[in-house]
Amino acid sequence: MEVGLLFTGVALPLEAAQNHLEKDISAKQLKHNSTSWSKVTCINGGDGWSGSRHSTERGRAMELVVRKAVAALVVSVVVTLVRVEAQLVVGYYEQNGCPMAEEIVKKVLTAAVARDQSIAASLLRLHFHDCFVQGCDGSVLLDPQNGFPATEKQAVPNFSLRGYNLVDAIKQALEQACPETVSCADILAIAARDAVSLSGGGTWPVETGRRDGVISLRTEAENLLPPTNENSEVLTQRFLDVGLTQDEMITLSGAHTIGRAHCVSFSQRLYNFSPEFDTDPNLDAAYAGKLKQACPRNFDPRTVVPLDPVTPSQFDNRYYSNLVNNMGLMISDQTLHSDMLTQFSSESNAEDENMWQFKFANAMVRMGAINVKAEGEIRKNCRLRN
Ligand code: HEM
C-alpha cells in the first residue's frame, strides 16, 4: 500500500525526467554519474554533451550542471524505488547463506553458452516471461502437476521457451553448495544479466532476494504476455499493466538483438498479409525474399531464423538500425519504428548504443522487480512446488 502510493507519487516526475534523459543526456556523460555499468563506458573521455561546442557561455554551463544533477537524481530515485517496492538488494546471498551464488550461476551458464551460444537468448527470455506473469517468482518454471490447472509453460506464447534443463543444472549446482537457499526466481534474474554480458552486452548489479511462487496458470500467461501481431499502443499497455513505461517497452524490446524466432511468429507478414498486399509493405523486399526462402508457405514448424539478421548473436543496438531499414522481424518489432508514438525513442536507440545499453540495464532492474513476493518459498526443484 505504502509502496503503491510512493510509486504514484513519483510517476509523473519520473516520466518527465526520463524524457529529459532521452533528449538531452549522452550516455557517456551518464556513465560518470553511475557506478558499474561495464559496457556503458565513456569511450573517448570527452565531455559527452551534444552541442558542447556552443557551451562557452556561463548560463549554458550552469544549465548542463543542472541537467547532470537531474540525471544522477533520476537514476538513484529509480533504483531506490525498485528496492522499496521489491525489498530486493544487490548481493543478497552474500549476507544470506550463499556468498558464491552469483559465481555459481555464471560458471554453469558460461559453460553452457560455450557449448551453445544460442542458449543465452533463451535464458534472457525466460526471465521476461517469468516477470510478466505473477511477477518475478519462478512461476514460468513450474511443470504441470496432477490436481493443478495447466501451468504457464503450457501457454501458447511459452511453447517456444527453452533453457529449462539449464536452469535445472544451475539449481543443482546451487543446491550442492547451499541447499534450499537460492530461489529459482533469482536464478532467472542472475542468469538473464549474465546472458546479456556473455553475448557482448553490458552488465549491472543484479538485485536478489526473490521468493518462489506457487501459482502458475496457463490462462494468465496467455492474457498477460504481449502479443506479436499488435501495434505499439497495445504493447505499451501490456507494459504499463506491470508498471513499466512505454520507453522501457521500447528499450527492452532491444533484447531481440539476439536469439531467434520460429516461422509461425512472423509468417503472416510474408503471405496473405492483407487484401491489398500479399507481403507486409513495412518489410524490406530483399529481406522478405530471404525470409520466404527460409520459411516457404508450407514451412517446417521447427525452422528458426535470427531476430537480428545482421549481428545475430551480438548484444548490440543493431536491432534498432534494422527497424529503420524495415528489417524488423515481427510486427511487434517493426511497429516500434513505423508507429509515430514510438519512432523517436526507437531511432534514438539506433543512434546511441551507449545510451541504449545504459537504459537497457536500468529497465532490466525495473522489470526484475515486478510484483516480487514477500511471501513464498525457496523451491528445492525449480519445476515443482515444495
Ligand atoms: C515487446 C513485446 C515482445 C513481444 C511481442 C515478444 C515476442 C517474441 C517472440 C514471438 C519471440 C520468438 C518466439 C519464437 O518464435 O520462437 C521472441 C523471442 C525472444 N524474445 Fe521477445 N517479445 C517481446 C519482448 C521481449 C523482451 C522485453 C525481452 C527481454 C527483455 C525479450 C526477449 C526475447 C529473446 C531473447 C528472444 C529469443 C529467444 C530464443 O532465441 O530462444 N522479448 N519474443
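Rule-based calculations on the coordinates, nothing more; no lab input. These figures come from a predicted structure and were not determined experimentally. Note that we place each Cβ from the backbone using ideal geometry, even for glycine, and neighbour counts take in every protein chain shown.
Take peptides 355-363, 269-277 and line them up by average Cβ neighbours within 10 Å, highest first, as a rough protection proxy.
Numbers: 355-363: 25.6, 269-277: 13.2.
By packing density, highest mean first, the sequence is 355-363, 269-277.
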* Search the structure for amide H atoms under 5 Å from the amide H of R260, placed 1.01 Å from N in the peptide plane, and list their residues when 5 or more places away or on another chain. => L307
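What length, rounded to one decimal in nm, is gained on full extension from I215 through to N165, with 0.36 nm per residue of separation minus their alpha-carbon distance?
On the way: separation 50, 0.36 × 50 = 18.00 nm, distance 2.08 nm.
Stretched out fully, the I215 to N165 stretch lengthens by 15.9 nm.
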* Calculated from backbone phi, Karplus (6.51, -1.76, 1.60) coupling profile of segment 195-210 in Hz, x at Gly/Pro -> 4, 5, 5, 5, 9, x, x, x, 9, 7, x, 8, 8, 9, x, 6
* Asked: With r defined as the distance between the Cβ atoms of E351 and V264 and R0 fixed at 22 Å, what FRET efficiency is calculated, to the nearest 0.05?
  -> 0.10
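What's the exposure ranking of M330, M249, going from fewest to most Cβ atoms within 10 Å?
Ranked by crowding around the Cβ, least crowded first: M330, M249.
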* Burial ranking of peptide ranges 136-144, 365-373, 183-191, 110-118 (average Cβ count within 10 Å, highest at the top) -> 183-191, 136-144, 365-373, 110-118
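Got the relative contact order for segment 232-367 handy, in percent, Cα pairs under 8 Å and 6 or more residues apart?
With pairs under 8 Å counted, the relative contact order is 32 percent.
Cα gyration tensor of segment 252-296, axes a ≥ b ≥ c as square roots of the eigenvalues: rounded (a/c below 1.5), prolate (a/b > b/c) or oblate?
On the way: a/c = 1.95, a/b = 1.66, b/c = 1.17.
Note, shape of segment 252-296 comes out prolate.
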* Cα gyration tensor of segment 116-181, axes a ≥ b ≥ c as square roots of the eigenvalues: rounded (a/c below 1.5), prolate (a/b > b/c) or oblate? -> oblate
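At 0.36 nm per residue, minus the direct Cα-Cα distance, what do N272 and A114 gain on full extension? Give it in nm, one decimal, please. Present the calculation step by step, with values, prior to reporting the outcome.
Values: separation 158, 0.36 × 158 = 56.88 nm, distance 4.04 nm.
Between N272 and A114, full extension yields 52.8 nm more.
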* To do: Just order 216-225, 123-132 by mean Cβ neighbour count inside 10 Å, highest at the front, would you?
  => 123-132, 216-225
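Would you mind getting me the FRET efficiency between V156 and E103? Use the beta-carbon distance for r and R0 = 35 Å, nearest 0.05.
Values: r = 36 Å, r/R0 = 1.04.
The calculated FRET efficiency here is 0.45.
Multiply the residue separation of K290 and Q95 by 0.36 nm, subtract the distance between their alpha-carbon atoms, and state the gained length in nm to one decimal. Don't skip to the end; give the middle numbers.
On the way: separation 195, 0.36 × 195 = 70.20 nm, distance 5.22 nm.
Value of the extension gain: 65.0 nm.
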* Calculate one ³J(HN,Hα) per residue across segment 323-331 by plugging θ = phi - 60° into the Karplus curve 6.51 cos²θ - 1.76 cosθ + 1.60, and present them in order as whole Hz with x for glycine and proline. => 4, 4, 8, 6, 10, x, 6, 9, 4
* To do: Pull up all non-local amide H partners of F315: gap of 5 or more, or a different chain, and H-to-H distance under 5 Å with H placed in the peptide plane.
  => G200, G201
* Under a no-solvent Debye model with one identical scatterer per Cα of segment 103-219, what's log10 I(q)/I(0) at q = 0.10, 0.12, 0.22 Å⁻¹? -> -0.28, -0.40, -1.30
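Which whole-number percent of Cα pairs in segment 232-367 have a distance greater than 27 Å?
Numbers: 1750 of 9180 pairs.
Of all Cα-Cα distances in segment 232-367, 19 percent exceed 27 Å.
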* Structure fact -> Long-range amide H partners of V90, meaning residues 5 or more apart or on another chain whose placed amide H is closer than 5 Å, are T208
* **Integer Hz, Karplus 6.51/-1.76/1.60 couplings in order for segment 298-304, x for Gly and Pro** => 9, 4, 6, x, 8, 5, 10
